[in-house]
1. With the requirement that a residue be touching a strand residue (DSSP E or B) at 6+ places or on another chain (Cβ under 8 Å), touching a residue at least 40 places away in the same chain (Cβ under 8 Å) and not polar (S, T, N, Q), what does the stretch A:363-387 give you?
2. Of the residues B:PHE96, B:PHE68, which is of a type in the set (Phe, Trp, Tyr), at the interface with another protein chain (Cβ under 7 Å from one of its Cβ atoms) and either within 27 Å of A:VAL156 (Cβ to Cβ) or touching a Phe, Trp or Tyr at 6+ places or on another chain (Cβ under 9 Å) (or both)?
3. Any residue that is under 30 Å from A:GLN97 (Cα atoms), part of a loop (DSSP other than H, G, I, E, B) and open to solvent by 30 Å² or more (accessible area, probe 1.4 Å) - is there at least one of those in the stretch A:145-159?
4. Checking A:PRO193 against (1) surrounded by fewer than 17 Cβ atoms within 10 Å (Cβ to Cβ); (2) more than 26 Å from A:SER292 (Cβ to Cβ), only one condition comes out false. Which one?
5. Among the residues of the stretch B:54-73, write down those that are basic (Lys, Arg) and more than 17 Å from A:PRO30 (Cα to Cα).
6. For the stretch A:196-224, how many residues meet the condition of being among the small types (Gly, Ala, Ser) and open to solvent by 70 Å² or more (accessible area, probe 1.4 Å)?
7. Look through the stretch B:72-82, keep the residues that are facing another protein chain (nearest Cβ under 9 Å) and in contact (Cβ under 8 Å) with a residue 12 or more places away in the chain, and return whichever of them is most open to solvent (accessible area, probe 1.4 Å).
8. Quick one: in the stretch A:227-245, of everything that is open to solvent by less than 40 Å² (accessible area, probe 1.4 Å) and either assigned to a strand (DSSP E or B) or among the small types (Gly, Ala, Ser) (or both), which residue is farthest from A:THR197 (Cα to Cα)?
Amino acid sequence: MLMRWFMICFFCLVLPWSALAATEIEISSPGEQSIPLALTRLLPNKGPESAQISGEFNEVLDADLDLSGLFRFVDPEAFLDDAQRIGLYSIQVDFPQWRLLGSETLIKGTYKIEGDKLTIEARLFDVVNRKLLTGRRYVGEAKDVRRMAHAFADLVLKELTGEEGPFSARIAYISDLSGDKELWLMDVDGKRPIRLTNHRSIVLNPDFSPRGKEILFTSYRANNPDLYRKEIYTGKEAKLSYKQGLNVAGRMSPNGREIALTLSKDGNPEIYLIGTTGRIRKRITDSWGIDSDPSWSPDGSQIAFVSNRQGNPHIFIADTFSGQAARLTTQGKYNATPAWGPKGERIAFTRQSGGQFDIYTINIDGTDERRLTFGPGNSEHPRWSPDGRFIVYSSDKGGNRAIYVMRNDGTGARRLTKLDSDCRHPAWSPRW
Amino acid sequence: MPDGTGDEVGVSALAFVQAFIQQNWALSPYLLDQSRLRDLEAKATLSYAASGEMIRYRINTPSGNQQFDDSLKKAITKSKQLPQPLPKQLDLLVTFNLKEMARGK
């Protein structure tokens, strides 16, 4: 009898209650495929008010987080009084108020202006669990407010996804706004464009060094397409490869020690590796066809490039050690400008189909090809953001060719540059 | 779907609870590796009193993906009180996965 009671007690206390008869159900998708976010405006903290500071910070953060595709913004019109209260600590936030609005995450912050000095403190809260997720204090000048907002957007993405955002980086591109095709640099939202070259010729094909301190580009300044390098901060510039014929599409290796480029010194364009002094180290391709547009794999062991060695231009992948190449794309009659994604798994490229160019991505084993753009106009020159979330490219769908950005699945496309000039050949810098 | 409650009231209550939890589950596909959507699955046991209050819960088998598991915890937290009572206590074994989301990718 005692044993029987013992067994009953054992099953009641020790066996998990889940093992008891429970009704099984399956939920095979979330009810909402975005995170509800309440993004409040910065409030002044013991100092003069500036609608411009809070407005600009809010606008930049809103645009960056919207591009990420992660969030659904709670309508600011619905905000209650907690949005008007400074709350940098969990204990100061009225979380039930935000729950009532359906929000799961909340951004609050303050700014303080003291002379030329601007201090912004921003916080990301978990509304459901009523806790602070992350926050940072940024100190600078009023002109730095956009940079601070981009930095906080990067931090929000890092907290929620484990990987920092790419919004503090820059985008280099070619524009003829000054009358000639010159090298320009802008923020990733298209703001603060500055011209970096004054070659008064044709500049093409920029690419960043792995640390983002230098830009490679080709220029016809000396009446030949020569490869140049330019230090961004000092402005120092040097000719790197100036062999007869093409010295184009220079791409620095992930370790920064070599540059892959197309040279046509012997007549036929081929892919070569040169050192950082410009000296040829290795010839990668050797075929009767035109080989061009190299793009390094993230580990530096392979290079994707374009070749018409089997007829029409297709994307190939070559081993940098052996030079052995295999064809990647099989569809379409004109495939060009491959860009190897930073995760190593996918390559973006351009394909001409039906008279127009569109952007595609494909796995490096040739599977799962996806078309990302569908006109109108031509979309070309895809390049990845350093985290692989986004692709920047050029398109003439608005009339003049401009720089656009989209998510890596083709959604969320937006124009970054104005339509008052021809802009092309974008390149997203590494994180600064 | 067999629901174990054996009557129409039970079926309707079960469908209501299922819809309520799903509605409270927010997860962006951009938080996840798109190629892994089909692999993510977690199982949780939830128990609701007839009053509609969640009296206990446990995530028995987490998916191992932090973003996915965190979103489930939030969904459960948001589902701790049903907006209406139930005909009787309800014990659920809930499987969360992304089969529908993966179909669209």
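1. Of everything in the stretch A:363-387, those that are touching a strand residue (DSSP E or B) at 6+ places or on another chain (Cβ under 8 Å), touching a residue at least 40 places away in the same chain (Cβ under 8 Å) and not polar (S, T, N, Q) turn out to be A:ILE364, A:GLU369, A:ARG370, A:GLU380, A:HIS381, A:PRO382, A:ARG383, A:TRP384, A:PRO386.
2. It is B:PHE96.
3. Of the stretch A:145-159, the ones under 30 Å from A:GLN97 (Cα atoms) are A:145-146, A:148-159.
Adding the requirement that they be part of a loop (DSSP other than H, G, I, E, B) leaves none.
For the stretch A:145-159, residues under 30 Å from A:GLN97 (Cα atoms), part of a loop (DSSP other than H, G, I, E, B) and open to solvent by 30 Å² or more (accessible area, probe 1.4 Å): absent.
4. Just one mismatch for A:PRO193, condition (1).
5. If the condition is that a residue be basic (Lys, Arg) and more than 17 Å from A:PRO30 (Cα to Cα), then B:ARG56, B:ARG58 are the ones that fit.
6. Of the residues in that region, 0 qualify.
7. That would be B:LYS73.
8. Let us first name the residues in the stretch A:227-245 that are open to solvent by less than 40 Å² (accessible area, probe 1.4 Å), namely A:227-228, A:230, A:232, A:235, A:240-241, A:245.
Now drop any that are not either assigned to a strand (DSSP E or B) or among the small types (Gly, Ala, Ser) (or both), which leaves A:227-228, A:230, A:235, A:240-241, A:245.
Details: A:LEU227: 14, A:TYR228: 11, A:LYS230: 9, A:GLY235: 9, A:LEU240: 16, A:SER241: 18, A:GLY245: 22 Å.
Checking each candidate, the answer is A:GLY245.
The values are calculated or read from the model by the stated rules, or taken from the named source; none is laboratory data. Everything numeric in this text was worked out from a predicted model, so none of it was measured. All Cβ positions, glycine included, derive from the backbone under ideal geometry; neighbour counts span all protein chains shown. Just so you know, the surface numbers come from the protein's heavy atoms only, side chains and all, with ligands and any DNA or RNA stripped out. Shrake-Rupley method; radii C 1.70, N 1.55, O 1.52, S 1.80 Å.
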